[in-house]
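Read the figures in this text as sums done on the coordinates, not as results from a lab. Only a predicted model underlies this, so the values are computations on that prediction, with no experimental measurement involved. Every residue, glycine among them, receives a Cβ derived from its backbone with ideal geometry; neighbour counts consider all protein chains shown.
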Amino acid sequence: MARETILVVEDDENIQQLVGYNLAKAGFHVIYADKGEQAFDLIRREKPELIVLDLMLPGLSGFEVCKLVRKDPKTRNLPIVMLTAKSEENDMAMGLDLGADDYITKPFSPKILVSRIKAALRRKEGLAEEGSEGRKKGSLTIHKITIDPNRYEVLVAGVAISLTVTEFSILELLARRPGWVFNRQQIIDGVRGYDYVITPRAVDVQVFGLRKKLGEAGRYIETVRGIGYRMQG
C-alpha cells in the first residue's frame with residue numbers, strides 16, 4: 001500500500017525537520033514547501049492527502065493559501081491542519097472559518113500533531129467509504145437542503161454549495177436526526193472521533209461558517225442555549 005503524502009508548508013527549516021521527521025516516523029511520505037506559491041505547484045503535481053500549513057509565510061499567508069485551496073473544486077475537500085505560533089482565539093476562529101480542519105499552536109507536541117493528522121485522514125477516508133458502500137447512507141432532503149454523502153454534495157434549493165469536510169459532517173449529523181439536540185462534545189465525537197481534542201469554541205465557529213454558507217436555510221440550525229445545536233424538525 002502506498003504511503004499517504006503530507007505536504008508541510010513551513011518556512012522555518014527547524015520546524016520543517018521536526019514535523020517531517022515525526023511524520024516520516026509515523027509512516028507518511030512528506031514533501032515540503034517554503035512559500036504559499038510553491039505549495040500550489042506541489043498540490044497540483046503531487047496531490048497530497050493532507051496539508052500542514054503555517055500561517056506566517058513569506059508572500060501568500062497561510063490564511064490566503066487556505067482560502068484559495070477551498071475555492072478550487074479539485075482541492076476543496078483536502079484536509080488542512082494549521083500549525084502556527086499565533087495562539088489568539090481570533091486567529092484560530094479565522095483559520096477554522098476559512099475551512100481549516102484543525103489548528104495547532106507552537107510549541108506543539110509531535111505526538112499530538114501526528115494524532116490530529118491521523119484523525120483528519122480517518123474522517124476523510126470515512127466519507128469516501130460511505131460513498132463506496134452504495135446506499136448504506138442515502139441522500140436526504142430537509143428544509144430544501146439536499147445532502148448526498150455518496151457524491152459528497154449539498155444542494156440548497158437546487159444550488160450546489162461548497163462545504164469543508166467538517167461542515168459537511170456536522171450538517172449531515174444534525175439533518176439525520178431533526179429535532180434532536182446535540183451538545184458540542186457529541187458533535188465533536190460524531191464528526192472527528194473520540195480521540196480528538198478540540199474546544200467548544202471551535203465547534204461554534206464551524207456551525208457559524210456552515211450557517212453562513214447555507215444562506216437563508218442556515219436558520220434551521222438552531223442554537224439550544226447552554227447545550228448545543230439541533231436541526232429544526
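Before moving on, here are some points about what is shown:
- The orientation-averaged projection of the convex hull spanning the C-alpha atoms of segment 134-231 amounts to 6.1 square nanometres.
- Peptides 104-114, 179-189 ordered by average Cβ neighbours within 10 Å, highest first: 179-189, 104-114
- Helix 36-46 axis versus longest C-alpha principal axis of the chain: approximately 80°, rounded to the nearest ten.
- With all pairs of different C-alpha atoms in the average, the Kirkwood value for the hydrodynamic radius of the chain is 18.2 Å.
- Options 120, 100, 139, ranked by Cα towards positive dipole end of the chain, top entry (Cβ charges): 139
- You can think of it this way: the chain between residue 72 and residue 5 has 22.2 nm of extra reach, that is 0.36 nm per residue less the Cα-Cα gap.
- Full-extension gain in nm, residue 106 to residue 155, via 0.36 nm per residue minus C-alpha separation: 13.8 nm
- Relative contact order %, the chain, counting alpha carbon pairs below 8 Å whose residues are six or more apart: 14 percent
- Order by protection proxy (mean Cβ within 10 Å, highest first), peptides 47-58, 17-28: 47-58, 17-28
- Relative to the longest principal axis of the Cα atoms of the chain, the long axis of helix 62-71 lies at roughly 50 degrees.
- In sequence order, segment 96-108 has phi-based couplings of 5, 5, 6, x, 5, 8, 7, 8, 10, 9, 8, x, 10 Hz under the Karplus curve 6.51 cos²θ - 1.76 cosθ + 1.60, θ = phi - 60°, and Gly or Pro positions carry x.
- Degrees, to the nearest 10: 165-175 long Cα axis against longest axis of the chain: 20 degrees
- For the peptides 168-174, 34-40, the ranking by mean Cβ contacts within 10 Å, running from highest to lowest, is 168-174, 34-40.
- Dipole moment magnitude, nearest 20 debye, the chain about Cα centre, only Lys, Arg, Asp, Glu C-beta charged: 880 debye
- Full extension of the segment from residue 61 to residue 225, taken as 0.36 nm per residue of separation minus the current Cα-Cα distance, would add 55.5 nm.
- The charge dipole of segment 134-231, taken about its Cα centre with unit charges on the Cβ of Lys, Arg, Asp and Glu (plus for the first two, minus for the last two), comes to roughly 160 debye.
- Computed helical MRE - 222 nm, the chain, DSSP H runs ≥ 4 contributing -39500 (n - 2.57), nearest 500: -13500 deg cm²/dmol
- Overall form of segment 23-80 per C-alpha gyration tensor (a/c, 1.5; a/b vs b/c): oblate
- Using the Cβ-Cβ distance between residue 41 and residue 115 with R0 set to 25 Å, the FRET efficiency from 1/(1 + (r/R0)^6) comes to roughly 0.30.
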